Structure formats: C-alpha cells, structure tokens
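First comes the structure, then the notes that go with it.
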Amino acid sequence: MEVAARTAISLLLALAVASVYLCGGAQGRYHRHTKHTKHNSAHAHAHAPSQAPGPAGSRRHAPPHARPESPPAPPPFGGGGAYPTPGAAPEPAPEPAAGGAASVYDVVKDFGAVGDGVADDTDAIKTAWDTACSEDGDGVVLAAAGYSFLVHTTVFTGPCQGSVTIQLDGTIVAPSDPDKWPANNKGNWLVFYNAHGTTLRGAGLIDGKGQKWWELPCKVHKGQGGSSGHGASCDSPVALRFFTSNNVTVQGLKVQNSPEFHFRFDTCRGVVVRGLSISSPQQSPNTDGIHIENTQDVLIADTAVSNGDDCVSIGAGTLNVHIENVTCALGHGISIGSLGKQGTRACVANVTVRNAVIRHSDNGVRIKTWQGGSGSVSAVSFENVRMDAVRNPIIIDQYYCLSRSCENATTAVFVSGVSYAGIRGTYDARSPPIHFGCSDAVPCTNITLADVELLPAAASGQAADDPFCWNVYGNTATPTVPPVACLMDGVPGNYADKSSLKCY
C-alpha cells in the first residue's frame, strides 16, 4: 500500500513538471507589446528621438548586434537576383524567421494613436517605428484598418537593428492646409532615410491632401502657358521619399493626391514597387507617380497610375530599371528625363518597359533632354506598349525647354541604343505619332523600330501628320504603321568620337 502511494505521488509530480514545460514552450510566433503611454505630441514631434525606447517591460533581451551601414543590394536583373514575381496580391505581415518571433507594434493599442483623422498621431507612429528599429529581429509596425491617422512631416531613420515592415491597412492623411506645415520643411512629407530592408505594405490608403497646394499662385497649370510646372518659389512636399535606402519594398497600397511627386527614390539600390494604385486629378501639377534618381536595380510592376504629370519618371544616375504591367492614364506617360539641365551630366542605362498600357495621356514613352548637357541614355527597350488616344506615343525630345528662351548648344546628352517593339494603338492626331527631335551637335544613334502600328483615334477629327525625324540614325526591322521613312541609315561620320560620351 505504501509503495503504491509513493508511485502515485511520483507520477503526479512528473505530470505537473511536463505540463509546465509544455505550456512554457508553446508560445506564439508574434510578440505583442504592452500599452504605451503617449508622449506629448507638440514636444515629441519637434524633437523625435532617433531611437526611442519601447513600452516598459516589452523588450526582448537578445544580445545586440551591429548592422552594416549599407547592406549589399541584390544583383541586377538577369543576374540571378531574387526579386519577387510580379502579380502577387498584398500579403499579411511577414512571417518571422524559423525560431524567431516577429514583434508587432500596434500604433493604436501600444502607442496611443487616436486614429480619428483629427488628432495628431505623428508621435505615436514615429515612436512605434523607432522602437521597432532599435530591436533585433523582425518588427511589424501595425496601422490597422478602420483608423485614419493624421501625420505631419516625419523622417523614419535607420539603419535598423533588424528588418521593419510597416503594415498599413488603415489610412494616413497629411495636413490639408499648406500653412500648417513647418516653414523650413515643406519639401517632403514621409521620408525613409537609411531605412535599409524596409517594407511598406498593406491594403490601406495614403492621402497627401494636395488640393490647396495645387492652387498656390506659384503653380503653373495647364491652360496657363502650357503644361504643368512650378516656379522657384514653390516648395510643395513629396508624399513618400526613400533616400539612401537599400533593399526596400512598397506593395499593395493606394496613394492619392500628393502635393507633388507621390513617390521619390533617391540614391537607393534594390527597390521593388508592386501592386500600387496612385491617383490625382489630371490638372494637378507636378504629381509624378513614381520618380527614380541616382538609383539602381529597380522593379516596378502591376501598378496603375492616373495623375497630372509623368506616370513614371527616370532621372539622372539611374541604372537597371524594369517596368512591367503598368497602366498610365491622363498624365505625361513614362519618361526618361528631363536630363542635362543647366549643363549637367546625366547617365541612364539598362531600362526596360514591357507590357504597359498608356491611356489619354499627353505622351506615351518619352526621352527628354535639355540642350547643353552631357552624359548618355543607352540600352533602353520599350516592348509591347498599348496606346489609347495618346498625343505623342513615341517621342525623343532633345530640345526640351519650359520657356521660349532656351538656346541651341554644342553639347547634349548622347541618346543611343533605344528600341521600340510591339507599340500599338491609337494616337491624338494633333501631334505626329512618332517624333525624333535629336540634337544638332550629338545625333541619336541605333534607334530601332519593329511591329509598330499606330492609328489616329476616331475622335481626333484631324488629318494625321507623318512621323518627324531630325538628326536621328536607325532602322525599322519590320514595316511600321505609319511608315517611318525619315530615319538615316548607318552612323554619323563622327560616331567614334560621340560613342565615347557613353557613361557605361
């Protein structure tokens, strides 16, 4: 009897220990943070910490590790890079690495954001970023659906200890009145600086509230001297700017009504933009959808842009850009440039635009450079682009000028190695369907066309002009509609000297 009792007690103790062990080991994959007391917005907004502490008791105690200032970028396209496949819908917050736990930083539940679109939630969102950025491992800053967050101009600074994803399923809105912006910082709204490895994704909306900015007297609108532009006194904010940030992804969001550019990528490497909807009215000036400058290894896919300026604009210092399954409407089409302004050197190479649709736009696929610049545009391919009532479907303009005072010059950006294949659709007959206006001093060379078929739109009501060529060398690999008989064969006599102008 005594032996049986001891055996029973031993079994009970063993079961208790096993139960404690099993319960302790079955923890969730995500680590939630406890409630965070909101800081005073007026003070924290003006002096936001670069690495703010997290909520009390919420830190993981993994040993810190140094993160490189500039992590390696993925290889260029065609070099075995692991870019995501275009076409996928936005996914939930990313899963952590095996054995790790992704910390979720809920800006409402953990950091006190109000989310009514009226209260200033800048501090809550900024502090959530700083907390996630300061900790090792995967962090997800969550701005949940059903909330609208008013956010003033803010810089999200890295590099971070781990990877940070901003999961935006709610709405972020900018102040609607230009007078509410700081006088010395009106050029940008949401800036990601040195934010290597950042992902911005979700099903949410970012609204730049640009209407009052577009109405400023310094803005030049369509119908007031030509195309949209702005004077030197304008300093309208870019909605989202990524600056010196490598390996960044933006996916699934709707972005609208930016005061100026919707997205701008400066001095970045390894950029993936996918599944976005970008929109602003046709008359909104300078509202480029996506602008890229001094940036390499870029994928833009499965994105729709309807705006008042360039759908995608590619500036100087850009290399290895792949644009696919993009739809552009109402604005100025897909542009390389403008380049070479005020005698500057500009280099652009390895650009592919494939399977795009451009509707009711002032331009289709365009290369624009100023007189007097230097550098080169080379290895550019436009493939399978559908035009719908576009005014200038194919255009190279080396006499780009926003006034009547631009003079001819003896130098220009060298444009060479540009191909157009499978460009089909209709054009607004007020302008020629094909316009190659190349520099007197530096001709365009190796311009090729194949399977080009452009017909006047039925509603144009005007006689169609023939294609226009000036100082351009190239060939048509197949018959084109309309015929392009104005290309010069071969290369110019001084081609050997001009080819040395190429940057790459």
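Structure notes:
- Yes/no for N471 being open to solvent by 60 Å² or more (accessible area, probe 1.4 Å) and of a type outside the set (V, I, T): no
- Matching residues, region 389-403, being touching a residue at least 24 places away in the same chain (Cβ under 8 Å) and either among the polar types (S, T, N, Q) or loosely packed, with under 14 Cβ neighbours inside 10 Å (or both): N392, Q398
- Flag if G202 is crowded, with 24+ Cβ neighbours inside 10 Å and within 21 Å of V273 (Cα to Cα): yes
- Candidates S338, S378, filtered to the one that is open to solvent by 30 Å² or more (accessible area, probe 1.4 Å) and more than 21 Å from P456 (Cβ to Cβ): S338
- Residue list for region 305-346, restricted to those being in contact with a Ser or Thr (Cβ under 7 Å, 6 or more places away or on another chain) and either in contact (Cβ under 8 Å) with a residue 60 or more places away in the chain or charged (D, E, K, R) (or both): G308, D309, D310, H322, H332, G337, S338, L339, G340, R345
- Residues within region 404-427 that are open to solvent by 30 Å² or more (accessible area, probe 1.4 Å) and within 25 Å of H360 (Cα to Cα), tallied: 4
- Residue in region 115-125 that is open to solvent by 20 Å² or more (accessible area, probe 1.4 Å), more than 23 Å from L276 (Cβ to Cβ), among the aliphatic types (A, V, I, L, M) and without any contact (Cβ under 8 Å) to a residue 24 or more places away in the chain present: no
- Residue count, region 443-463 (criterion: part of a loop (DSSP other than H, G, I, E, B), among the hydrophobic types (A, V, I, L, M, F, W, C) and open to solvent by 50 Å² or more (accessible area, probe 1.4 Å)): 3
- Matching residues in region 266-280 - criterion: being surrounded by fewer than 24 Cβ atoms within 10 Å (Cβ to Cβ) and touching a Gly at 6+ places or on another chain (Cβ under 6 Å): G275
- Strands (runs of 3 or more DSSP E) (entirely within region 352-436) containing at least 2 residues that are farther than 24 Å from G340 by Cβ and at pLDDT 95 or above: 374-390, 414-427
- Residues (modelled with pLDDT of 95 or more, closer than 28 Å to G317 by Cα and open to solvent by 20 Å² or more (accessible area, probe 1.4 Å)) located in region 205-233: none
The values are calculated or read from the model by the stated rules, or taken from the named source; none is laboratory data. Keep in mind the model is a prediction, meaning the values are calculated, not measured. In this analysis, Cβ positions are derived from the backbone assuming ideal geometry, glycine residues included, and neighbour counts consider all displayed protein chains. In case anyone asks, the SASA skips ligands and DNA or RNA and just uses the protein heavy atoms, side chains included. Shrake-Rupley method; radii C 1.70, N 1.55, O 1.52, S 1.80 Å.
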